[in-house]
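Peer 1: Mind looking over this structure? Questions follow.
The values are calculated or read from the model by the stated rules, or taken from the named source; none is laboratory data. Owing to the predicted nature of the structure, the values given are computational and were not obtained by experimental measurement. Cβ coordinates were reconstructed from backbone atoms using ideal geometry, including for glycine residues, and neighbour counts include every protein chain displayed.
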Amino acid sequence: MKFIVGNWKMNGTWDEKETFLKALKNVKTNNKIIICMPFTLLYGNDHGITIGAQNISEYNNGAYTGDISGKMLKDADIKYVLVGHSERRLYHNETNAIVKAKANAAIKNGITPIICIGETATDKNAGRTMTVVKKMLLECIPKTCKYIIAYEPRWAIGSGKTPTKEEITAIFEMIHKTLHQVGCENIALLYGGSVDSTNAKQFANVPHVDGLLVGGASLKSDTFLPIIKSID
Ligand code: 13P
């Protein structure tokens with residue numbers, strides 16, 4: 001079983017959600033399909049596809065205008081939430097400490113955080129990928145081993161560029177080993193960044209890759225269904 005997680009980012013209306021979920025309704029798959037939708041689309045899931053959220057407050061309630069807490073997500077029957085996506089880090093200044101606090105807030109409410117980590121193009125060009133990603137990982141993970149890690153190189157997001165097989169093999173080996181060293185076994189690890197139906201299978205087959213996090217290609221069933229089918 002692999003995880004195939006879609007991230008709709010700031011896209012999607014109620015009608016688009018209905019059309020998408022109807023198209024996916026009868027898909028036969030052994031994989032776990034989760035679509036992380038905007039807050040306005042989290043309710044009303046009766047199509048058998050798991051709906052996740054894209055953000056969570058580190059606080060449970062209070063005077064935090066515009067934020068949504070783990071308590072509220074739990075109330076909406078949400079089981080998965082993205083935390084620390086590179087766009088949150090970039091546009092909302094989320095630090096590793098904030099990401100860790102958000103992951104803890106999710107776990108406290110029985111929600112699995114999908115913690116996103118990944119290096120920038122500058123890091124990569126300076127040969128710092130391994131050290132940067134390892135530091136991010138260690139600074140973001142909660143003590144309780146109840147999370148998923150998504151490795152998304154920032155330079156690969158929406159760019160059509162992807163890491164080589166050697167690069168991705170080495171980074172997942174490092175992430176797996178690091179989690180083992182902190183006493184967390186069986187943590188699901190996802191790859192994200194320019195995944196489409198032509199490359200999904202090759203990423204999913206890399207050792208220690210337990211699934212994919214898909215952005216643009218998850219928005220329409222025409223592009224998402226072939227990904228699901230390609231790795232069954
Ligand atoms: P793309 O698949 O569009 O590159 O986006 C990846 C992503 O950011 C998923 O969280």
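Peer 1: Yes or no: Ile149 under 24 Å from Ser218 (Cβ atoms), of a type outside the set (Asp, Glu), modelled with pLDDT of 95 or more and out of contact with any Phe, Trp or Tyr (no Cβ under 9 Å at 6 or more places or on another chain)? Steps first, please.
Peer 2: Details: under 24 Å from Ser218 (Cβ atoms): yes; of a type outside the set (Asp, Glu): yes; modelled with pLDDT of 95 or more: yes; out of contact with any Phe, Trp or Tyr (no Cβ under 9 Å at 6 or more places or on another chain): yes.
So Ile149 fits the description; yes.
Peer 1: Here is a follow-up. Out of Ile35, Ile4, Ile51, report the one residue that is outside any loop (DSSP other than H, G, I, E, B), within 18 Å of the chain's Cα centre (by Cα) and more than 13 Å from the ligand (Cβ to nearest atom).
Peer 2: Working: Ile35 fails: more than 13 Å from the ligand (Cβ to nearest atom); Ile4 fails: more than 13 Å from the ligand (Cβ to nearest atom).
That would be Ile51, the only listed residue that is outside any loop (DSSP other than H, G, I, E, B), within 18 Å of the chain's Cα centre (by Cα) and more than 13 Å from the ligand (Cβ to nearest atom).
Peer 1: (1) within 16 Å of the ligand (Cβ to nearest atom); (2) in contact with a Cys (Cβ under 6 Å, 6 or more places away or on another chain): which one isn't true of Met10, the others all being true?
Peer 2: (2)
Peer 1: Also, quick follow-up: So the check is Cβ under 7 Å with 6+ separation or different chains; which pairs have a first residue in segment 72-87 that's under 30 Å from Thr120 (Cα atoms) and within 16 Å of the ligand (Cβ to nearest atom) and a second one that's assigned to a loop (DSSP other than H, G, I, E, B) and among the aliphatic types (A, V, I, L, M)?
Peer 2: Here the result reads Tyr80/Ile111; Val81/Ile56; Val81/Ile111; Val83/Ile56; Ser86/Ile157, each pair linking segment 72-87 to a residue that is assigned to a loop (DSSP other than H, G, I, E, B) and among the aliphatic types (A, V, I, L, M).
Peer 1: Being touching a Lys or Arg at 6+ places or on another chain (Cβ under 7 Å) and either within 16 Å of the ligand (Cβ to nearest atom) or more than 16 Å from Cys140 (Cα to Cα) (or both) is the filter here, so list the residues in segment 88-110 that pass it.
Peer 2: Those that are touching a Lys or Arg at 6+ places or on another chain (Cβ under 7 Å) and either within 16 Å of the ligand (Cβ to nearest atom) or more than 16 Å from Cys140 (Cα to Cα) (or both): Glu94, Asn109, Gly110.
Peer 1: Within segment 148-179, can you find the residues that are of a type outside the set (Lys, Arg), more than 16 Å from the ligand (Cβ to nearest atom) and either in contact (Cβ under 8 Å) with a residue 60 or more places away in the chain or more than 18 Å from Ser194 (Cα to Cα) (or both)?
Peer 2: Hits for segment 148-179 are Ala170, Glu173, Met174, Ile175, His176, Thr178, Leu179.
Peer 1: Also, I was wondering about something else. Can you spot a residue in segment 144-153 that is under 17 Å from the mean Cα position of the chain (by Cα) and surrounded by fewer than 20 Cβ atoms within 10 Å (Cβ to Cβ)? Before you say what the answer is, go through the steps one by one.
Peer 2: The initial filter retains those residues of segment 144-153 that are under 17 Å from the mean Cα position of the chain (by Cα), namely 145-153.
Still in the list and also surrounded by fewer than 20 Cβ atoms within 10 Å (Cβ to Cβ): 145-146.
Yes, some residue in segment 144-153 is under 17 Å from the mean Cα position of the chain (by Cα) and surrounded by fewer than 20 Cβ atoms within 10 Å (Cβ to Cβ).
Peer 1: Select, from Leu189, Leu213, Leu138, the only residue that is within 14 Å of Gly118 (Cα to Cα), surrounded by 21 or more Cβ atoms within 10 Å (Cβ to Cβ) and of a type outside the set (D, E, K, R).
Peer 2: Just a single option satisfies the conditions, and that option is Leu213.
Peer 1: Quick one: which of Thr120, Thr112 is polar (S, T, N, Q), under 18 Å from Val5 (Cβ atoms) and modelled with pLDDT of 95 or more?
Peer 2: One residue alone meets the criteria, Thr112.
Listed here are the residues, each with its yes/no results for (1) touching a helix residue (DSSP H, G or I) at 6+ places or on another chain (Cβ under 6 Å); (2) part of a helix (DSSP H, G or I); (3) of a type in the set (S, T, N, Q); (4) within 22 Å of Ile35 (Cα to Cα).
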residue	(1), (2), (3), (4)
Thr144	yes, no, yes, no
Ala150	no, no, no, yes
His176	no, yes, no, no
Ser197	yes, no, yes, yes
Leu225	no, yes, no, yes
